[in-house]
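The values are calculated or read from the model by the stated rules, or taken from the named source; none is laboratory data. Quick caveat, the model's predicted, so the values are computed rather than measured. Here Cβ is always computed from backbone atoms with ideal geometry, including for glycine, and neighbour counts include all displayed protein chains. When the accessible area is computed, the model is the full protein with side chains, heavy atoms only, and any ligands, DNA or RNA have been set aside. Shrake-Rupley method; radii C 1.70, N 1.55, O 1.52, S 1.80 Å.
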Amino acid sequence: MLKAIAPAALAALLLAAGPALAEGDPAAGEKVYKKCKVCHMVGEGAKNRVGPPLNGIMGRQAGTLDGYNYSPAMKKAGEEGLVWTEETMAAYLEAPRKHVKGTKMAFPGLKKEQEIADVIAYLKQFSE
């Protein structure tokens, strides 16, 4: 039986061996993000919902936004070195529960590589 990969090891593996991400389109990502906004706000005035606001997510250590009650699994992932980069975010968006076992995020993931790249491009606008 395979054990889950530690978030830090996952990040290193993705950086070393992962394929290059597709070029994302922020405008297309805004449309795909509609699937996310049920739980996550982004932009001016963004607040906690079921999930934390995603302003400044890119480059942030997982599970560390002040004022949001993260799952123990997400806090642990951050403590073990998970930082949201394009690569780690792509892996997470594809299958959240696979990449952070025990996350309270119920979303099953995005299956299309282009949609993932587009959402990341959209989120990057709020992380600059």
Subset tally (residues that are farther than 14 Å from residue 89 by Cβ and touching a Leu at 6+ places or on another chain (Cβ under 8 Å)) for the range 41-51:
2
Out of the range 32-74, which residues are charged (D, E, K, R) and free of Cβ contacts under 8 Å to residues at least 24 places away in the same chain?
34, 37, 44, 47, 49, 66
Is it the case that some residue within the range 14-24 is modelled with pLDDT under 95, in contact with a Lys or Arg (Cβ under 9 Å, 6 or more places away or on another chain) and either open to solvent by 50 Å² or more (accessible area, probe 1.4 Å) or not in a loop (DSSP other than H, G, I, E, B) (or both)?
no
Out of the range 42-54, which residues are crowded, with 18+ Cβ neighbours inside 10 Å and more than 13 Å from residue 104 (Cβ to Cβ)?
42, 53, 54
Positions within the range 79-117 being aliphatic (A, V, I, L, M) and not in a loop (DSSP other than H, G, I, E, B), in sequence order
83, 89, 90, 91, 93, 116, 117
Among the numbered conditions (1) open to solvent by 60 Å² or more (accessible area, probe 1.4 Å); (2) not in a helix (DSSP H, G or I), tell me where residue 34 comes up short.
(2)
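Could you check the range 58-92 and list, in sequence order, the residues that are touching a strand residue (DSSP E or B) at 6+ places or on another chain (Cβ under 6 Å) and surrounded by fewer than 17 Cβ atoms within 10 Å (Cβ to Cβ)?
Restricting attention to the range 58-92, the residues satisfying the condition of being touching a strand residue (DSSP E or B) at 6+ places or on another chain (Cβ under 6 Å) are 61, 78, 83.
Passing the criteria: only 61.
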Could you list, in sequence order, all residues of the range 119-128 that are assigned to a helix (DSSP H, G or I) and touching a Leu at 6+ places or on another chain (Cβ under 9 Å)?
119, 120, 123
